[in-house]
Amino acid sequence: GELVYFEGGSGGGGNAYSIVGKFPDFFAAATALCGITDYGMWYEDDQVGEFRDELDIWLGETPRDNSMGYISRSGVYL
């Protein structure tokens, strides 16, 4: 079979945690560079708003309106 590696940083690093948590047998290895582990906390702590606009598009709602959407994508919960 093929060996699959995944690497991501920041939000992509958070995706590395999530994807390996959901599909651990699919990956030979993964690297999370400064990975975001809790997207809800990342959203709430973003005082400037530089990431909220991206998370609004990605998830369609705030963490208060769709907590399970954020939890299901956050590596810290997986």
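The values are calculated or read from the model by the stated rules, or taken from the named source; none is laboratory data. Quick caveat, the model's predicted, so the values are computed rather than measured. Cβ sites come from the backbone with ideal geometry, for glycine too, and all protein chains shown count toward neighbours. What goes into the accessible areas is simple: the full protein's heavy atoms, side chains included, and nothing from ligands, DNA or RNA. Shrake-Rupley method; radii C 1.70, N 1.55, O 1.52, S 1.80 Å.
Some points to look at:
- Condition broken by Gly12, with the remaining ones in (1) modelled with pLDDT under 90; (2) open to solvent by less than 50 Å² (accessible area, probe 1.4 Å); (3) not in a helix (DSSP H, G or I) satisfied: (3)
- Among the residues of the range 41-55, those identified as exposed (fewer than 14 other Cβ atoms within 10 Å of the Cβ) and in a loop (DSSP other than H, G, I, E, B) are Gln47, Val48, Gly49, Glu50.
- If only residues of the range 15-34 that are touching a residue at least 12 places away in the same chain (Cβ under 8 Å) and part of a loop (DSSP other than H, G, I, E, B) are counted, the one that is farthest from Ile71 (Cα to Cα) is Ala28.
- Extreme residue, nearest to Val76 (Cα to Cα), among residues of the range 15-40 that are of a type in the set (Phe, Trp, Tyr) and open to solvent by less than 50 Å² (accessible area, probe 1.4 Å): Tyr39
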